[in-house]
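One structure is given here, and the rest of the page talks about it.
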Amino acid sequence: IFLLQFHIFFIHCIALLQETGKIKDYLETIMDESAIYAFRKYTNNWAVDAVLHSLVSEAESRKIQVDFQGHLPKKTKVEDYDLCTIIYNLMKNATEASEQIEDASRRIIQIEMGAYDLQVYILIKNQVDNSNVSLLTAKEDKKNHGLGLGNVKRAVEKYNGCFHVEFEDGWFSAEVSI
């Protein structure tokens with residue numbers, strides 16, 4: 001986390017100096033060093049695709065099957081920061097819950113996204129063990145964990161949207177409409 005904070009701070013400093021060429025070079029170096037150059041498209045929205053690329057790759061590396069369906073326009077009424085906050089937190093939760101399932105064939109995350117008129121719709125579902133169902137973090141460091149759903153809720157409320165979670169038949173679903 002500290003390295004990421006340093007990179008963000010350094011990019012901010014370069015931006016204050018209005019050195020856009022240096023910012024581009026620095027970001028390209030980060031991407032090259034991070035092996036983020038094999039970019040997958042999911043939605044047609046570059047910000048969402050960047051987040052999904054990273055998180056789907058992480059889930060797949062942990063032997064979790066990820067199924068994606070949908071499309072988003074390049075630009076929506078929702079700020080990229082808020083879209084990324086929502087998707088990042090829901091996907092991290094789904095990945096962490098999926099890792100807890102002993103039967104590897106049940107480690108599945110399903111993602112659906114779409115835009116209808118001006119509404120953005122996001123559904124992320126993952127299987128759960130019925131004995132392992134809780135919205136509270138199981139991590140020891142409760143001060144720095146368990147904030148994700150609150151971040152999602154705040155981002156959704158900013159657009160007067162709807163956020164709904166439910167457990168049904170061994171599946172956890174998080175649904176956002178904004």
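Taken about its Cα centre, the chain carries a charge dipole of about 360 debye when Lys and Arg each add +1 at the Cβ and Asp and Glu each add -1 at the Cβ.
The simple spin-label model puts a point 7 Å past each Cα toward its Cβ; for ASP169 and PHE68 those points are separated by 2.6 nm. Figure legend: label point modelled 7 angstrom from the Cα of LYS158 along Cα→Cβ; residues of region 11-29 with amide N under 20 Å from it are 12. Given LYS24/LYS158; LYS24/LYS63; LYS24/LYS75; LYS24/LYS153, which pairs have Cα atoms separated by over 28 Å? From LYS24/LYS158; LYS24/LYS63; LYS24/LYS75; LYS24/LYS153, over 28 Å: LYS24/LYS158; LYS24/LYS63; LYS24/LYS153.
Along region 161-178 the Karplus relation, 6.51 cos²θ - 1.76 cosθ + 1.60 evaluated at θ = phi - 60°, assigns HN-Hα couplings of x, 10, 10, 9, 10, 7, 10, 7, 6, x, 10, 9, 10, 10, 10, 10, 9, 9 Hz to successive residues, with x for each Gly and Pro. Run the accessible area of region 23-94 with a 1.4 Å probe and give the carbon-and-sulfur part as a rounded percent. Result for region 23-94: 54 percent of the exposed heavy-atom area is carbon or sulfur. For region 33-100, GluC sites (Glu not before Pro) meeting the loop criterion (DSSP other than H, G, I, E, B) and having at most 15 other Cβ atoms within 10 Å: GLU79.
Using a Gaussian network model of the chain in which every pair of alpha carbons under 10 angstrom is joined by a spring, one finds that among ILE86, ILE11, ILE122 the greatest mean-square fluctuation is at ILE11. Average accessible surface for the chain: 64 Å² per residue, computed with a 1.4 Å probe over protein heavy atoms with every protein chain in place.
The values are calculated or read from the model by the stated rules, or taken from the named source; none is laboratory data. Everything numeric here is computed off the predicted structure, so don't read it as measured data. Cβ: placed from backbone, ideal geometry, glycine included. Neighbour counts: every protein chain shown. The area values use the complete protein model at the heavy-atom level, side chains included, leaving out ligands, DNA and RNA. Shrake-Rupley method; radii C 1.70, N 1.55, O 1.52, S 1.80 Å.
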